[in-house]
Every structure is written in C-alpha cells, then in structure tokens.
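What follows is a single structure, written as structure tokens, with notes after it.
The values are calculated or read from the model by the stated rules, or taken from the named source; none is laboratory data. Source: prediction; values computed, not measured. So basically every Cβ, Gly included, is an ideal-geometry build from the backbone, and we count neighbours across all protein chains shown.
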Amino acid sequence: MSHAIQPKPGVLEIRPYVGGESKIPGARDVVKLSSNENPFGPSEAAKEAIRKSVHQLHRYPSTDHTALRNAIGEVHGLDPARVICGNGSDEIITFLCQAYGGPGTEVIHTEHGFSMYRISALAAGSAPIEVQEHERKVDVDAILEAVNFRTRLVFVTNPGNPTGTMIGNNEVARLAADLPEHVLLVLDGAYAEYVDDFDGGAKLVDKRENVFMTRTFSKLYGLGGLRIGWGYGPAHVIDALNRVRGPFNLSELQMAAAEAALRDGDYVEKCRAENARMRTWLAKALAELGVPSDTSCANFILARFHDPDEADACEAHLRSEGLLVRRVAGYKLPNCLRITVGDEASCRRVVHAIAGFRDQQG
C-alpha cells in the first residue's frame, strides 16, 4: 500500500543497524563477545562520578561541554576549541553527513567499514559509495579512484572494524594530500586507544584543513552504555558541526563520567595492557586450531574459516556453549566471525569451545 506522505529519497533504503546480541533464550552464564566491549567495565572513578551526578539530574546540562572538552585537550594535547562532543561517535558521523552531505553528493566508505557511514549518508540524502579493500585492508588508491566532483566525505576506520587491520600514517597522509580540496577525510578512531603511540590522526588534523578525527569512550573506557564520543578537526568544520548539533546532546552525567574515565590513566593503561596480552594469546591459540586471523590492532580478533558454512556452524556451536560472537556477513566477510577479546576466562572458554567444534568436524 502506497502513502502520500513519503520520507525523502534514501531513507527507505536504510537497513537499521543491529547491535551485537546479549542474550541466548533459555541459556544462563552467557558470555557476550559480540560488541567489542571492555570486559572490565568502567573505572571506579567513572562510577563515582556517575553517583555524584544523580543529584543534579533536574538541571539542564552545559550546552558547550567546556569541562569535558578541556579534559580531552589536556590529556591528548589538543586545542579544546576544536573539539566537539556527541552522543557516541555515531552522532558525530551524523553531524558530518548533515553538514556536508545532501542530494547530489556522494560519501565514500570502504567495503568492510562501519555500517553507520552508509546509514548516515542515506539519511542525509547523499549517495553512499562503497570502495573495495585489499585483503581486508583499506586501499588508498582505490579510494582516490572513486573520488569525483560529487564526493564530499571519505570515511576511513583506522584501526578497522570488523577487520582489526590498520594503514600506516604515511598512507593516511598520502590520502589526505591527494584528495581534492572540496573533500573532507574523516578518520574514525574508535579503536585508536588500543594502538601504542598512535594519536588517531590528530597531528595530521593539525597540519591540514581537510582532515577530521572521531573518537569514542565506548571501547577502552568501558562507557558504551552511556554513549559518549568526540571529534577533533579544523575550526571551520567544528563551527559547521556545532550549527547542526542539538544544544543538550550530552547529559551532565555523561560528561562527568567521561571526564573521570579520561583522567584515570592507571586504569586505562591496565585495560590496554590486558587487552594486548589476551589478544596475542587468543590469536595464537586460534591459529593453532587452524583458524587464522590478521594481526589485530583493536580489541577483537577477526577469525577466518574455510567458507561461510563453516563460520555459521562454528557460531552455532559457540552459541550452544553460551558464547556470543559476531557474524559479519553484513560486512561482506561471510566466512569470518568477529570475537571480542574478553577477560582471560572468557578467552580460554572460547578457545576450548572452538577446539570442541574442530573435534566434531573430525
């Protein structure tokens, strides 16, 4: 049945984002390794900040996020005036598409890139353009070949999700330098904190007028349930994004928790080190079972199987054992499963279950 009232073109092409599952009907002691969450949760400092914030819930929050932006600037060595905060980095991506997209424009993303790029582009009326990767790694030359006069934004996830792979600073800089002046390069650094001595592209942002960086508190900081993200870019981009940003897009509770988490450096380092330790162990243990993966720079492993049937069968077996991992056929990786690096007990349980799956195969 057709209706006279219709949304703008592109909206009905959107397939809503589906998050990782957290429950298995009838199962107890379920381990969720499907959403790349910090298995240790937020720091005690962040929890205390949340407890204190409940006494001010009747007050409207700050509209300019000054305290949180200043903290981000202090910890990361950035100009707080060029920081924007959002309801997760997803909202920053939405702002970018709102401000720079629209009918007649194109937004480039890579074939295994975060699905919100396509969704946000379509919502803004832009045409999403998918560019192939090379062996699950961003291909700079392929991106440059896809750029034309309609291109407004190029989204690159670095490290990638769900691949876990990275391209180096030289390649990112080459991409920025070779883009036409009307195109904004967006570096999505949701997993940047898991890489030693990596700024997510901040230095490149400071050097150029066509590069923007997004970050999140949902991963390493363990605040996925609060939805807090931020972006850093040239002053002219920040000005444009603040014009489409709602005045109260973050609550005082969110901002207080994020600032406390950011300043708790000891806890951040502990989580980073433990992730690196178990990521190495998990990748090696899976490889010994005949399940290879690319070197991961994030908090998950992209486990590769012989074909989609084997990947689906392994996912079903893990589910039967109370273990939830992520199918990634929607990211054009049908023979893979993305497995979050959990705590040691969870990682060992996953390896034991996959070993059992291999034994069943004979």
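Observations on the structure shown:
- Of all residues making up segment 244-257, the number that are out of contact with any strand residue (DSSP E or B) (no Cβ under 8 Å at 6 or more places or on another chain), closer than 20 Å to ALA67 by Cβ and assigned to a helix (DSSP H, G or I): 5
- Looking across segment 166-203, the residues that are farther than 23 Å from ASN275 by Cβ and either touching a Cys at 6+ places or on another chain (Cβ under 6 Å) or in a strand (DSSP E or B) (or both) come down to LEU184, LEU185, VAL186.
- Residue identified as over 24 Å from the mean Cα position of the chain (by Cα), assigned to a helix (DSSP H, G or I) and under 30 Å from GLU274 (Cα atoms) among GLU74, GLU48: GLU48
- Scanning segment 265-317 for residues that are touching a residue at least 60 places away in the same chain (Cβ under 8 Å), touching a strand residue (DSSP E or B) at 6+ places or on another chain (Cβ under 9 Å) and over 17 Å from ASN36 (Cα atoms) gives LEU286, VAL291.
- Scanning segment 215-243 for residues that are over 18 Å from ASN70 (Cβ atoms) and of a type outside the set (A, V, I, L, M, F, W, C) gives THR216, SER218, LYS219, GLY222, GLY224, GLY225, ARG227, PRO234, HIS236, ASP239, ARG243.
- Of the criteria (1) within 21 Å of PRO16 (Cα to Cα); (2) modelled with pLDDT of 95 or more, which one SER115 fails: (2)
- Among the residues making up segment 138-177, those that are within 19 Å of ASN299 (Cβ to Cβ) and out of contact with any strand residue (DSSP E or B) (no Cβ under 9 Å at 6 or more places or on another chain) are PRO159, MET166.
- Filtered residues of segment 316-332 (kept if at negative phi and either surrounded by 18 or more Cβ atoms within 10 Å (Cβ to Cβ) or touching a His at 6+ places or on another chain (Cβ under 9 Å) (or both)): LEU318, GLU321, LEU323, LEU324, VAL325, ARG326, ARG327, VAL328, TYR331
- Among (1) of a type in the set (Val, Ile, Thr); (2) in the same structural domain as ILE72 (by TED's automatic domain parsing); (3) in contact with a helix residue (DSSP H, G or I) (Cβ under 7 Å, 6 or more places away or on another chain) - the single one VAL291 does not satisfy: (2)
- Identification of strands (runs of 3 or more DSSP E) wholly contained in segment 96-161 with 3 or more residues that are of a type in the set (Val, Ile, Thr) yields 106-110, 151-157.
- The condition of being of a type in the set (Val, Ile, Thr), crowded, with 17+ Cβ neighbours inside 10 Å and outside the structural domain of ARG338 (by TED's automatic domain parsing) holds for only one of ILE301, ILE238, that being ILE238.
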